[in-house]
Amino acid sequence: MKIQVLGCCGGRLPGFYTSGFLLNDHLLLDAGEIGGVLKVEDQCHITDILLTHAHLDHIVGLPFLGDTIFGQIRKPISIIGLQEVLDSLHHYVFNDQIWPDFTRLPAAQGEPVFRLQPVQLGTVCSVAEFEVIPFPVRHTVSSAGYLIRQQETTILYSGDTGSLQEVIQVIRNSEKLAAAFIETSFPNRLRNLAEETGHLIPKVLDKLLPELDPQTQIFLFGMKPQYLEEISAECQAMQSRARILKQGEILYLG
């Protein structure tokens, strides 16, 4: 499984992009960054997009993706997520007021640029060569994390997470994971703010690590860029095997 880190931060500052991960060059996991990294031809290769929730830092790349590939693709891109997430996206973004409704405007052969495809928590769905299972996570809006499997390689992606309770339950019920991608937005000193806004801090990794196989890689993302150095220092002080992702890196798992 190839994973290209388009963006891995929880905010925007010069040189920092919000969360977007490209799997095998065509499945996009969250859409916080697309066009600032991918060339037009690479954007046209995207076939499916998994959304964890509808907050701006996870969807901001979608309007510009639609604008870029309009008239250049042969079939719609599937935007996949919980029904509440897709409803918010359609109502507040693709509404012909904030942005053109690319779920209606045709891309080719009369079909739209984007097709909204709802999924249900706990239900397995096939997305190209992947098996995908959405699971519930606690956040301030309707949200899901994902188990994503390709052949014998399985990863866990938490999305924005206010509590590890559901994530740990998924880990306990899952086969061995190649990697776990865990959101860590704030430093430890801002624990109250993290809890109020549905995010995690490095300290909570103490609860997660015992649940994971020693060979499971742990990647941290979603850091607010203004706190990145502080979060990094706290992770190093914990001597944790968790690693903060870097923008632009490419991972090969399995």
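The values are calculated or read from the model by the stated rules, or taken from the named source; none is laboratory data. No experiment lies behind these values; they were computed from the predicted model shown. When we count neighbours, we look across all protein chains shown, and the Cβ atoms used for this are built from the backbone with ideal geometry, even at glycine.
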Return yes when Thr52 is in contact with a helix residue (DSSP H, G or I) (Cβ under 9 Å, 6 or more places away or on another chain), under 25 Å from Gln120 (Cα atoms) and not small (Gly, Ala, Ser) and no when it is not.
yes
Taking the condition within 17 Å of Ile218 (Cβ to Cβ) and at pLDDT 95 or above, does Ile98 pass?
no
Count of residues meeting criterion [part of a strand (DSSP E or B), closer than 18 Å to Ala180 by Cβ and among the hydrophobic types (A, V, I, L, M, F, W, C)] in the stretch 1-26
4
Tyr157 passes all but one of the listed conditions (1) modelled with pLDDT of 95 or more; (2) surrounded by fewer than 23 Cβ atoms within 10 Å (Cβ to Cβ); the exception is number (2)
Of all the residues that make up the stretch 214-254, how many are in a strand (DSSP E or B), surrounded by 12 or more Cβ atoms within 10 Å (Cβ to Cβ) and aliphatic (A, V, I, L, M)?
5
Modelled with pLDDT under 95, touching a strand residue (DSSP E or B) at 6+ places or on another chain (Cβ under 8 Å) and among the hydroxyl-bearing types (Ser, Thr, Tyr) - does that describe any residue in the stretch 217-237?
no
Filter result for the condition that a residue is free of Cβ contacts under 8 Å to residues at least 60 places away in the same chain and not small (Gly, Ala, Ser), over Val170, Val141:
Val170
Collect the residues in the stretch 144-157 that are in contact (Cβ under 8 Å) with a residue 40 or more places away in the chain and within 19 Å of Ile49 (Cα to Cα), keeping them in residue-number order.
Ala144, Gly145, Tyr146, Ile148, Gln150, Ile155, Tyr157
Condition broken by Thr161, with the remaining ones in (1) polar (S, T, N, Q); (2) in contact with a strand residue (DSSP E or B) (Cβ under 7 Å, 6 or more places away or on another chain); (3) free of Cβ contacts under 8 Å to residues at least 24 places away in the same chain satisfied:
(3)
Give the residues of the stretch 95-110 that are surrounded by fewer than 14 Cβ atoms within 10 Å (Cβ to Cβ) and either among the aliphatic types (A, V, I, L, M) or farther than 29 Å from Ser158 by Cα (or both), sorted by residue number.
Asp96, Gln97, Ile98, Arg104, Pro106, Gln109, Gly110
With the requirement that a residue be among the aliphatic types (A, V, I, L, M) and touching a residue at least 24 places away in the same chain (Cβ under 8 Å), what does the stretch 99-138 give you?
Leu105, Ala107, Ala108, Val113, Leu116, Val119, Leu121, Val127, Ala128, Val132, Val137
Thr184 passes all but one of the listed conditions (1) of a type in the set (S, T, N, Q); (2) over 18 Å from Ser143 (Cβ atoms); (3) modelled with pLDDT of 95 or more; the exception is number (2)
Right, Arg104: in contact with a helix residue (DSSP H, G or I) (Cβ under 8 Å, 6 or more places away or on another chain), over 18 Å from Asp48 (Cβ atoms) and not aromatic (Phe, Trp, Tyr) or not?
no
Check Leu56 against each of (1) surrounded by 20 or more Cβ atoms within 10 Å (Cβ to Cβ); (2) within 18 Å of Phe221 (Cβ to Cβ) and name the one condition it does not meet.
(1)
I need the full set of residues from the stretch 178-196 which are polar (S, T, N, Q) and assigned to a loop (DSSP other than H, G, I, E, B), in order please.
Thr184, Ser185
Flag for Gly66 being in a helix (DSSP H, G or I) and either touching a Phe, Trp or Tyr at 6+ places or on another chain (Cβ under 6 Å) or modelled with pLDDT under 95 (or both):
yes
When Val170 is evaluated against the numbered criteria (1) within 22 Å of Met1 (Cβ to Cβ); (2) not in a helix (DSSP H, G or I), which criterion, by number, is the only one it fails?
(2)
